[in-house]
1. Out of all DSSP beta bridges in the chain, what portion is antiparallel? Express it as a percent rounded to 5.
2. Could you count how many Lys pairs in the chain have their Cα atoms under 21 Å apart, skipping same-chain pairs fewer than 8 positions apart?
3. So what are the radius of gyration and Dmax for the Cα set of the chain, in Å?
4. Pull up all non-local amide H partners of residue 28: gap of 5 or more, or a different chain, and H-to-H distance under 5 Å with H placed in the peptide plane.
5. Quote the charge dipole size of the chain about the Cα centre in Debye, to the nearest 20; the model charges only the Cβ of Lys and Arg (+1) and of Asp and Glu (-1).
6. Where does the chain land at 222 nm, in deg cm²/dmol rounded to the nearest 500, when only DSSP H runs of n ≥ 4 count, each adding -39500 (n - 2.57), divided by all residues?
Amino acid sequence: MKTTIFLFHPDLKESSVNQALIKNITIEVRNIYELYPDETINIKAEQDALLRSDRIVFQFPMYWYSVPPTYEKMV
C-alpha cells in the first residue's frame, strides 16, 4: 500500500518531531510549503498525488484549533 503524507508545516526546520518522522520513513512526503513557496498550489498535481495513494496523512500544527492557511487553500 502506498502512503502519502501531505505536510503543511511552515517552519519544518524547527520541528524536531516532524524531522524525525521524515528521516525514518520510506513513504512519499509532499512538503507543501517547500513545493509551493509562493503558496500558489497546483491543485491538479496534488489531486494526482492523492489518487496515487492508498493511505493519506495530513500533517500540520494546530493554530488555535484551526489549520494553516495553506491547508485551507488546498482543501
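1. If we restrict to bridges inside the chain, about 10 percent are antiparallel.
2. Values: 2/23; 2/44; 13/23; 44/73.
So the count of such lysine pairs works out to 4.
3. Cα radius of gyration and Dmax of the chain are 12.2, 34 Å respectively.
4. Distant-sequence amide H within range of residue 28: 3, 5.
5. Once rounded to the nearest 20, the dipole reads 280 debye.
6. The helix contribution divided over the chain gives -9000 deg cm²/dmol.
Read-outs throughout are calculated quantities, based only on the coordinates presented, and are distinct from any laboratory measurement. Keep in mind that what you see is a predicted model, and the values were worked out from it rather than measured. All Cβ positions, glycine included, derive from the backbone under ideal geometry; neighbour counts span all protein chains shown.
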